Amino acid sequence: MLLMINKVKQQSSKPVIRNSGIVWDTATLKRITPPNSSVFYPRMMQSKNGLLMGVYTSTGNVVSIRSMDGGRNWTFPKLIAVRRNKVNMDTPDLIQLKDGTIIICYSSRPQRALRGNPDSTKKV
């Protein structure tokens with residue numbers, strides 16, 4: 001997972017990415033997950049108290065990371081939901097309730113069904 005902070009410098013020696021009217025100076029690009037880790041379906045939010053929290057899927061597991069200093073430093077990834085019995089945990093997302101509680105939701109994704117062999121015991 002990479003984090004870009006929307007901060008444009010007047011004179012930048014790094015390339016600038018222009019997308020949908022947003023200008024990103026790539027000098028602010030920072031890797032926030034361990035090198036060589038697989039990262040799929042990343043999501044991030046900033047809580048009411050300033051906490052930055054990210055969730056993503058990695059090798060069938062749902063993982064979270066946090067920063068309390070605006071993204072300068074990040075916690076080591078923490079397992080939220082673990083792959084079990086060939087069932088991946090996938091597509092995580094975050095929401096903060098009015099009382100400040102942060103909820104992480106995700107779905108389970110059996111690998112057998114993904115290979116075109118749906119579970120014949122389930123009725124549609």
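The values are calculated or read from the model by the stated rules, or taken from the named source; none is laboratory data. Model, not experiment: these values are computed from the prediction. Here Cβ is always computed from backbone atoms with ideal geometry, including for glycine, and neighbour counts include all displayed protein chains.
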- Using beta carbons and a limit of 9 Å, which pairs, at least six apart or on different chains, have the first residue in segment 38-59 and more than 10 Å from Leu94 (Cα to Cα) and the second one of a type in the set (Asp, Glu)? Phe40/Asp90; Tyr41/Asp90; Tyr41/Asp93; Gly50/Asp69; Leu52/Asp69; Thr57/Asp90
- Which listed residue is buried (at least 19 other Cβ atoms within 10 Å of the Cβ) and in the same structural domain as Gln96 (by TED's automatic domain parsing), from Ser47, Ser58: Ser58
